[in-house]
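*Asks:* Could you have a look at this structure, given as structure tokens, before my questions?
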Amino acid sequence: MHRFSSRTREDKLLWVLMVCVASLIKGAVGSEDLQLHKPPNIVILLADDLGIGDVGCYGNDTIRTPHIDRLASEGVRLTHHLAAAAMCTPSRAALLTARYPARYGLVADPILPVPVLIQITSPGGIPGDEVTIATALAAANYTTAIVGKWHLGMNCSLWGRGCLGPLRHGFHSFFGLPMSLFQEYADPYPFWTLPADTAVIQGLVVAGLVFMVSVGVARRKGVVDACGAASLLPVGLVVLFVAWFCVTHLPVSPWIQNHANSVLMRDGEVVEAPIKLEGFSQRLVAESRRFITEHANSERPFFLFHSFGHVHTPMFTAPHMAGRSKHGRYGDNVEEMDEGVGSLLDTLTQLGLENNTVVYFASDHGGHLEVTDDDGQRIGGHNGRFKGGKRQGGSEGGIRVPGIFRWSGHLPCGVTQHSPTSMMDVLPTLLSLAGLPPLHTLVPRASHKELDGTDISEILQGGAAESQEGRVFLHHCDSAIHAVRLVTGDHVYKMHLARPKWFPGSTQCGWGRGVICSCSGYGLVTDLSSRPELYDLNKDPYEDKQPISPESEEYKVVVKQMREYLEQWKARVKYPPSQLSTLANIIWRPWYQPVCHNC
Ligand SMILES: *[C@@H]1O[C@H](CO)[C@@H](O)[C@H](O)[C@H]1NC(C)=O
Ligand SMILES: *[C@@H]1O[C@H](CO)[C@@H](O)[C@H](O)[C@H]1NC(C)=O
């Protein structure tokens, strides 16, 4: 048995080697051709809420992600790849702009900690003067498209007109979710419902009674006449209705989610509302396949951002995927997402595009450890041995994500790189790989925008990681900096300044449907800033051991250096007010709602 399995493994290795050699030869033959003609196509595959521990090639031996694993075996797998935030909106913004989202207010503040855009009618999002990967590639004559989840602001005008969303940021076309999948999309959504909280109902009843009694008393005392009293009644009813609506449906009820956010859009138009979840992942994949096929032989290269709805809640799969995995509904979702990856990779292969298409795969942040379904089943991801998860911007499990680059024939094949890298590196790296000018040349209006990502193409090419020497990563949780990472010599130091209060014996903040950690708040976060915890991740990657002793020389030198860096950063980079911690983001404003005209 053992000999048999080891032999299949050797066979596999041999096969991978052969594929690598073949594609290198093909790449070498084709490369002169390419340089004369056009830069490579670019495909970004982004999973939602997928944990690094949910992927076969990152060490999971029971879940089946053969297509992501294949991508890794044909490309470069990054083991120390970092999201800039542990929540969707800010992390995705950072990927697309190569800048910390705090620089343009796409993070929550501690007073009103709303970590993502929660209404399609919200005025927030990536500001118009930021430059995204799509803006840059469009400037380089690429045809650009996003299929799937956006969640970076639709900026609709009055009556839901002119919802440019991704089209304002360099994408020529958009098909998908303006927001995100949310659990409520799968829930029943009655409008006439009473809040579960009986205190609120009692409050409403008491308010109604008090109002009616006051009107009666006023009538008897002669303050109002019969006619006045009668006309006060509708006023009272309206007030009562508004009060009821506010407590029942604001900020977001299933009804609002399904009538406002659960919309499928093509470009600026709503084409389906609410979204039919059945077969939804397959429809997105079909759309991307169509885009690839249409542009396979065009003069211009294409850029496709396929942004999966999976594996965010709610958990739904096509019938052929349901119950297939060993990990319940969540595992089924992961495997369905992987099937989508496979389908897109197959399309590239069938069209002969493998050698002139750069593919990048990642997840927007770590798995959501706390979330459970109504029956108590866990429906969130798994971050391997890294501590913490989603909404924990300073904890490794929240930000250490899978990251794979493949460009057959041009990048090494089946290689693993351990240098720390960021999702913010993707923009400058893609431009460099494609042989395009740097961003500030390509888009001159961006010349004053300082990038936080760097070109890591040398690392991908297997070169030395010296370019990373002295690099500092800031780890924001909402707008606060919870941790700092410094790459120096043989060390990758990580300093924790704050940490969410974990449920004892765990690295998460409880269990339940809406449960998630906080980045701020009394009793919810442990402030470590007066005596930060310091780890050397090269010696203790999972932060299992005792932190480096504050008495040691090493601690004093490193912490001093990091604190100085932070002081200079804060003096130099001023964060604008939050775009998320606003009433306009929290409260649904129907007069900005895009509606479906042909549904
Ligand atoms: C594989 O992923 C599943 C689903 O998240 C998880 O329950 C399981 O613990 C993981 N296994 C390993 C070995 O990491
Ligand atoms: C894009 O196309 C225009 C005209 O077709 C050309 O002048 C320009 O140099 C191209 N830009 C790049 C970056 O290739």
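*Asks:* Which condition from (1) in contact with a Pro (Cβ under 8 Å, 6 or more places away or on another chain); (2) at pLDDT below 95; (3) polar (S, T, N, Q) is the one that SER467 breaks?
*Replies:* (1)
*Asks:* So, one more: Scan segment 375-424 residue by residue and report those that are buried (at least 21 other Cβ atoms within 10 Å of the Cβ) and among the β-branched types (Val, Ile, Thr).
*Replies:* Answer for segment 375-424, where residues must be buried (at least 21 other Cβ atoms within 10 Å of the Cβ) and among the β-branched types (Val, Ile, Thr): ILE379, ILE399, VAL401, ILE404, THR421.
*Asks:* Where residues in segment 176-211 are open to solvent by 20 Å² or more (accessible area, probe 1.4 Å) and under 21 Å from the mean Cα position of the chain (by Cα), which of them is farthest from GLY128 (Cα to Cα)?
*Replies:* Only one residue fits best here, namely ALA186.
*Asks:* Also, I was wondering about something else. Quick check on this structure: which one of THR121, THR143 is more than 22 Å from GLN593 (Cα to Cα) and among the polar types (S, T, N, Q)?
*Replies:* Selected residue: THR143, the only one of THR121, THR143 that is more than 22 Å from GLN593 (Cα to Cα) and among the polar types (S, T, N, Q).
*Asks:* Next question, about the same structure. When PHE171 is evaluated against the numbered criteria (1) buried (at least 24 other Cβ atoms within 10 Å of the Cβ); (2) within 16 Å of ligand 2 (Cβ to nearest atom); (3) not in a helix (DSSP H, G or I), which criterion, by number, is the only one it fails?
*Replies:* All conditions pass for PHE171, except number (2).
*Asks:* Please specify each residue of segment 555-578 satisfying the condition of being touching a residue at least 12 places away in the same chain (Cβ under 8 Å) and open to solvent by 40 Å² or more (accessible area, probe 1.4 Å).
*Replies:* GLN561, TYR565, TYR575, PRO576, PRO577
*Asks:* Among the residues of segment 439-457, what is the count of those that are surrounded by 17 or more Cβ atoms within 10 Å (Cβ to Cβ) and not hydroxyl-bearing (Ser, Thr, Tyr)?
*Replies:* Residues in segment 439-457 being surrounded by 17 or more Cβ atoms within 10 Å (Cβ to Cβ) and not hydroxyl-bearing (Ser, Thr, Tyr): 10 in total.
*Asks:* Looking for something out of contact with any strand residue (DSSP E or B) (no Cβ under 7 Å at 6 or more places or on another chain) and without any contact (Cβ under 8 Å) to a residue 24 or more places away in the chain - is there at least one such residue anywhere in segment 185-196?
*Replies:* So the first thing to find is which residues in segment 185-196 are out of contact with any strand residue (DSSP E or B) (no Cβ under 7 Å at 6 or more places or on another chain), and the list is 185-196.
Applying the additional criterion that residues be without any contact (Cβ under 8 Å) to a residue 24 or more places away in the chain yields 192, 196.
Checked segment 185-196: at least one residue is out of contact with any strand residue (DSSP E or B) (no Cβ under 7 Å at 6 or more places or on another chain) and without any contact (Cβ under 8 Å) to a residue 24 or more places away in the chain.
*Asks:* Scan segment 250-265 and tell me whether some residue there is assigned to a strand (DSSP E or B) and in contact with a strand residue (DSSP E or B) (Cβ under 9 Å, 6 or more places away or on another chain). Let's see the steps before the verdict.
*Replies:* To start, the set of residues in segment 250-265 that are assigned to a strand (DSSP E or B) comprises 264-265.
Then keep just the ones that are in contact with a strand residue (DSSP E or B) (Cβ under 9 Å, 6 or more places away or on another chain); that gives 264-265.
Yes, some residue in segment 250-265 is assigned to a strand (DSSP E or B) and in contact with a strand residue (DSSP E or B) (Cβ under 9 Å, 6 or more places away or on another chain).
*Asks:* Out of the residues in segment 51-78 meeting the condition of being farther than 19 Å from VAL415 by Cβ and within 9 Å of ligand 1 (Cβ to nearest atom), tell me which one is nearest to the chain's Cα centre (by Cα).
*Replies:* So the residue we want is GLY51.
*Asks:* Only one of LEU194, LEU181 is within 22 Å of ASP48 (Cα to Cα) and assigned to a loop (DSSP other than H, G, I, E, B); which?
*Replies:* Working: LEU194 fails: within 22 Å of ASP48 (Cα to Cα).
Exactly one of LEU194, LEU181 is within 22 Å of ASP48 (Cα to Cα) and assigned to a loop (DSSP other than H, G, I, E, B), namely LEU181.
*Asks:* While we're looking at this one, here's another question. Which ranges mark the helices (runs of 4 or more DSSP H) fully within segment 327-437 that have 1 or more residues being within 16 Å of ligand 1 (Cβ to nearest atom) and of a type in the set (D, E, K, R)?
*Replies:* So the answer is 328-350, 396-399.
The values are calculated or read from the model by the stated rules, or taken from the named source; none is laboratory data. If you're wondering where the values come from, they're calculated on a predicted model, not measured in any experiment. Counting neighbours? That spans all protein chains shown, and the Cβs are built from the backbone with ideal geometry, glycine included. Calculation scope for accessible area: heavy atoms of the full protein, side chains included, ligands and nucleic acids excluded. Shrake-Rupley method; radii C 1.70, N 1.55, O 1.52, S 1.80 Å.
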